[in-house]
Amino acid sequence: MTIKEMYKCKKIVGEDSLLPLPNWYNHVIEKDIDELDLSDVLKMLRQRLFLKVAVKKTIDFLLVNPFIGELYEGELME
């Protein structure tokens, strides 16, 4: 099940869809939960989007590596 289906959200259209954050949003809502990567999860947490999914994926990532991060070690834990 994609994020789009879970949260019943719609793509951003128009000129705004070309900006980096709306472009990422349009891309991430088409992903299944299993397809989310660390970068997606970190951005979801920073933007406070789809938090239920983000927290579940955070726990999954931290169980494998508690020091995981995109920019520095421990970033996700922080």
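Throughout, read-outs are computed from the coordinates displayed, never taken from laboratory work. Treat the numbers as computed from the prediction; the structure is a model and nothing was measured. We place every Cβ from the backbone using ideal geometry, glycine too, and count neighbours over all the protein chains shown.
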Check: What value, in deg cm²/dmol to 500, does the helix sum -39500 (n - 2.57) over DSSP H runs of n ≥ 4 give at 222 nm once divided by the residues of the chain?
Finding: -14000 deg cm²/dmol
Next item on the list: Sort 70-77, 23-30 for me by packing, meaning the mean count of neighbouring Cβ atoms within 10 Å per residue, highest on top.
Entry: 23-30, 70-77
Item checked: Relative contact order of the chain, defined on C-alpha pairs under 8 angstrom at six or more residues apart (%) -> 22
Notebook entry, point to check: Any idea what Rg and Dmax come out to for the chain if you just take the C-alpha atoms, in Å?
Noted result: 13.0, 40
Next item on the list: Name the long-range amide H neighbours of Glu75: under 5 Å, sequence gap of 5 or more, or other chain; modelled H, no Pro or chain starts.
Entry: Gly69, Glu70
